[in-house]
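The values are calculated or read from the model by the stated rules, or taken from the named source; none is laboratory data. In this text the structure is predicted, and so the values were computed from the model without any measurement. Note: ideal-geometry Cβ built from the backbone for every residue, glycine included; neighbour counts use all protein chains shown. Note: areas computed on protein heavy atoms with side chains; ligands, DNA, RNA excluded. Shrake-Rupley method; radii C 1.70, N 1.55, O 1.52, S 1.80 Å.
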Amino acid sequence: MRQRDRILEIARTQLGYKEGPNNDTKYGDWYGLPNNPWCQMFISWCADQAGLIQKEAVPKFSVCTDGVAWFQAKGKWQSGGSVPTPGTIIFFDWDHDGASDHVGIVESCDGTTVHTIEGNSGDAVKQNNYTVNSQSILGYGLVAY
């Protein structure tokens, strides 16, 4: 199985997972930052389980802007508005201030709709959909699979 498929398979096994009281999650516990916002720690956990952190294909990060900076520094950044491939890390900017404040994994894209798996989406791991041209998509971290 390819690592791209592996990270998606791992993320899918987590669908429906809900945080406990005070943002408590197994992802925060794994990272060493319990009781914190956890969308980025979910991504790091999935990447670790798939062997991608060890390969230095995805960073271990607990702040969305650190993930963006890492992918940009590696020349592995794609701006919002482009069509992503499955397994790409998607970064969002909900308040449109130029800084990422949420992250997920691209599950698929049909050219007009991006399908994602996200941690800490309504306090759970969920699948979501966005238009490719959504102004809330800051960009994508391209994973070297």
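Mind listing whichever residues of region 57-92 are part of a loop (DSSP other than H, G, I, E, B), open to solvent by 60 Å² or more (accessible area, probe 1.4 Å) and touching a residue at least 24 places away in the same chain (Cβ under 8 Å)?
Scanning region 57-92 gives LYS60, LYS76, VAL83, THR85.
Can you tell which of SER136, SER108 is under 21 Å from GLN3 (Cα atoms), touching a residue at least 12 places away in the same chain (Cβ under 8 Å), polar (S, T, N, Q) and open to solvent by 10 Å² or more (accessible area, probe 1.4 Å)?
SER108
Any idea how many residues of region 111-133 are of a type outside the set (S, T, N, Q), outside any strand (DSSP E or B) and touching a residue at least 12 places away in the same chain (Cβ under 8 Å)?
5
Looking at GLN49, GLN135, GLN72, which is the one that is modelled with pLDDT of 95 or more and closer than 18 Å to LEU8 by Cβ?
GLN49
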